[in-house]
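All remarks here apply to the structure that follows.
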Amino acid sequence: MADINDLVLIYFENEPITFARIEDIQPDIKKNWYHISLLFLQNPLHIVTWILKNEYINGAEFSMSDKKIRIEKVESPYKKKGENPPEQEEKQKKEKTGKLLFLNSDSD
């Protein structure tokens, strides 16, 4: 299940339209329904709260005003491959090089 702080892609009529971060999920009075607060990552930023079933939060299609909507959890492509993003790899190389230079300067 998508959870708080997860990044999701919102589909409208089968077209991806925006990314959002899940800010909060609270149970509704009705069993298996939840109030899900989404921070839409667009300008201007804004938060909406939808009341959705558990399966809708997990990617099942639902309708609002007769329009098809779907939420899809976004995973980092690097996380799937077990790799680090290029920026992180470069940072690790610099840190390792800096440590080696520091260790070598002590050998006088």
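The values are calculated or read from the model by the stated rules, or taken from the named source; none is laboratory data. These figures come from a predicted structure and were not determined experimentally. Cβ atoms come from the backbone with ideal geometry, glycine included; neighbour counts cover every protein chain shown.
Working only within the range 33-62, note down all residues that are among the polar types (S, T, N, Q) and either part of a strand (DSSP E or B) or closer than 15 Å to residue 21 by Cα (or both). Those that are among the polar types (S, T, N, Q) and either part of a strand (DSSP E or B) or closer than 15 Å to residue 21 by Cα (or both): 37, 42, 43, 49, 58.
If I filter the range 1-9 for residues that are surrounded by 11 or more Cβ atoms within 10 Å (Cβ to Cβ), modelled with pLDDT of 95 or more and touching a Ser or Thr at 6+ places or on another chain (Cβ under 7 Å), do I get at least one hit? There is no residue in the range 1-9 that is surrounded by 11 or more Cβ atoms within 10 Å (Cβ to Cβ), modelled with pLDDT of 95 or more and touching a Ser or Thr at 6+ places or on another chain (Cβ under 7 Å). Within the range 63-94, the set of residues being in a loop (DSSP other than H, G, I, E, B) and modelled with pLDDT of 90 or more comprises 65, 66, 74.
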